[in-house]
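Undergrad: Before anything else, here's the structure in question.
The values are calculated or read from the model by the stated rules, or taken from the named source; none is laboratory data. Everything quoted here is computed from the prediction, not taken from an experiment. Methodologically, a virtual Cβ is constructed for each residue, glycine included, from the backbone with ideal geometry; neighbour enumeration extends over all protein chains shown.
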Ligand SMILES: [Zn+2]
C-alpha cells in the first residue's frame, strides 16, 4: 500500500498526540518512541516487520525491568512503538544511541527520547556523534536534506542489510 504525504503528516500528528498523552500520564517517567527508517511510499512490508521486531527485541533486552508501559502500532504509515521507562532521560537516550549504533540493523531504527517539553533529546547531549548516512560518510541529515541518494538506492542498501541480518539469525 502506497502512503501519501497527507497520510504521513497525519500519522505524525497522531504520534505527537499519543506522545503527549503518555508524557502527561507518566510525568515522572521517561518516554521512548521507536519508528523505523523506510524510504519510499510503502511503509509497511516484510522488511519493516523484520526491522521493527529486531528493534523492539533490542529495546526490551536493554530496558529489561525498567519498563512501565508499552504500546506498539503496526500501521500502514509505518511501525511505531512507545516505551515508558523508569530510566532517566539521559540514561534512556544513551541506551537508545547504543542500540542505534551497535545493532546490525540499528541504522534503520529511529529511537527518540523526549524531554519535559516534549522535544527529542539530541544524541550530542549524551556524548554521541550525529547519525551517519546509510550509504556514505556524511551526516544522515545532510544526505536527507540534499536527497543525495534515491529511495531506490537506499532500499537496495536496506535490503542488503536485512538479508545479512536474517542469514545470521
Ligand atoms: Zn549519504
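Undergrad: Output yes when any residue across the stretch 32-42 is assigned to a helix (DSSP H, G or I), touching a strand residue (DSSP E or B) at 6+ places or on another chain (Cβ under 9 Å) and either surrounded by 13 or more Cβ atoms within 10 Å (Cβ to Cβ) or at pLDDT below 95 (or both), and no when none is.
TA: Going through the stretch 32-42, the residues assigned to a helix (DSSP H, G or I) turn out to be none.
No.
Undergrad: Among the candidates 100, 153, 80, 139, single out the residue that is touching a strand residue (DSSP E or B) at 6+ places or on another chain (Cβ under 6 Å) and free of Cβ contacts under 8 Å to residues at least 40 places away in the same chain. Quick ask: steps written out before the conclusion?
TA: Details: 153 fails: touching a strand residue (DSSP E or B) at 6+ places or on another chain (Cβ under 6 Å); 80 fails: free of Cβ contacts under 8 Å to residues at least 40 places away in the same chain; 139 fails: touching a strand residue (DSSP E or B) at 6+ places or on another chain (Cβ under 6 Å).
Among 100, 153, 80, 139, only 100 is touching a strand residue (DSSP E or B) at 6+ places or on another chain (Cβ under 6 Å) and free of Cβ contacts under 8 Å to residues at least 40 places away in the same chain.
Undergrad: Please report, ordered by residue number, the strands (runs of 3 or more DSSP E) entirely within the stretch 55-169 with at least 3 residues that are surrounded by fewer than 17 Cβ atoms within 10 Å (Cβ to Cβ) and either touching a helix residue (DSSP H, G or I) at 6+ places or on another chain (Cβ under 9 Å) or at pLDDT 95 or above (or both).
TA: 67-75
Undergrad: When you go through (1) modelled with pLDDT under 95; (2) surrounded by fewer than 16 Cβ atoms within 10 Å (Cβ to Cβ); (3) under 14 Å from the mean Cα position of the chain (by Cα) one by one for residue 8, which number turns out not to apply?
TA: (3)
Undergrad: I've got another one for you. Determine if the stretch 114-126 includes at least one residue that is closer than 26 Å to residue 19 by Cβ and within 14 Å of the ligand (Cβ to nearest atom). Spell out the reasoning first.
TA: Filtering the stretch 114-126 down to residues closer than 26 Å to residue 19 by Cβ leaves 114-126.
Narrowing further to those that are within 14 Å of the ligand (Cβ to nearest atom): none.
Checking the stretch 114-126: not a single residue is closer than 26 Å to residue 19 by Cβ and within 14 Å of the ligand (Cβ to nearest atom).
Undergrad: Only residues that are assigned to a helix (DSSP H, G or I) and crowded, with 16+ Cβ neighbours inside 10 Å: list them for the stretch 19-31, please. Steps first, please.
TA: Within the stretch 19-31, the subset assigned to a helix (DSSP H, G or I) is 19-25.
19, 22, 23, listed by residue number.
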